[in-house]
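Student: Here's a structure for you.
The values are calculated or read from the model by the stated rules, or taken from the named source; none is laboratory data. Here the structure is a predicted model, which is why all the values come from computation and not from measurement. Cβ sites come from the backbone with ideal geometry, for glycine too, and all protein chains shown count toward neighbours. Accessible surface is based on the protein model in full, side chains and every heavy atom, while ligands, DNA and RNA are left aside. Shrake-Rupley method; radii C 1.70, N 1.55, O 1.52, S 1.80 Å.
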Amino acid sequence: QVQLVESGGGLVQAGGSLSLSCAASTNIFTINTMGWFRQAPGKEREFVAAITWIGSNTYYADSVKGRFTIPGDNAKNTVYLQMNSLKPEDTAVYYCALRRGSGWTNGINLRAYYDYWGQGTQVTVSS
């Protein structure tokens, strides 16, 4: 079994910062990629950022480039999302995602790329 445990959501003022974490519990499969998606009310779930577990290649949605970073800790099977300069439009439920095994990074911004998902954590940015 693979479980993703998310933490770090909450309420923050516009312009502030917040850090999310996602810890993967697995003794069966290797991690290929971990990433973050978000879903605002009435909108589709959208890609935010991802990092490959070998090489630490990072990918960001245009909407968060320069504001968010996605460091990973391979030893702890944990990915983080450091969010800076937050805007009200960043308000959403943030979901951690994991792809196991090996493979190309093509499609890393697509939901179908990932094998496992966290339960989601609410991030609310006030004006």
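Student: In the range 76-127, which residues are β-branched (V, I, T), farther than 20 Å from T30 by Cβ and in contact with a Gly (Cβ under 9 Å, 6 or more places away or on another chain)?
Tutor: Passing the criteria: V93, T121, V123, T124, V125.
Student: List the number of the failed condition for V79; all other conditions in (1) over 17 Å from V125 (Cα atoms); (2) open to solvent by 60 Å² or more (accessible area, probe 1.4 Å); (3) touching a Ser or Thr at 6+ places or on another chain (Cβ under 8 Å) hold.
Tutor: Tallying (1) over 17 Å from V125 (Cα atoms); (2) open to solvent by 60 Å² or more (accessible area, probe 1.4 Å); (3) touching a Ser or Thr at 6+ places or on another chain (Cβ under 8 Å), V79 fails exactly one: (2).
Student: Further question on the same structure: Sort out which residues of the range 58-75 are at pLDDT below 95 and either in contact with a Ser or Thr (Cβ under 7 Å, 6 or more places away or on another chain) or closer than 16 Å to F29 by Cβ (or both), and write them in order of number.
Tutor: The answer is N74, and nothing else.
Student: Here is a further query. Applying the selection to the range 62-74, what residues are among the hydrophobic types (A, V, I, L, M, F, W, C) and part of a loop (DSSP other than H, G, I, E, B)?
Tutor: V64, I70
Student: Another question, then. Determine whether V125 is touching a Cys at 6+ places or on another chain (Cβ under 8 Å) and hydrophobic (A, V, I, L, M, F, W, C).
Tutor: In short, no.
Student: Give the residue that is modelled with the lowest pLDDT, with candidates limited to residues of the range 94-114 that are surrounded by fewer than 18 Cβ atoms within 10 Å (Cβ to Cβ) and among the hydrophobic types (A, V, I, L, M, F, W, C).
Tutor: Checking each candidate, the answer is W104.
Student: Condition check: in contact (Cβ under 8 Å) with a residue 12 or more places away in the chain and either assigned to a helix (DSSP H, G or I) or under 18 Å from G8 (Cα atoms) (or both). Does Y59 satisfy that?
Tutor: Taking the combined requirement at face value, the residue does not satisfy it.
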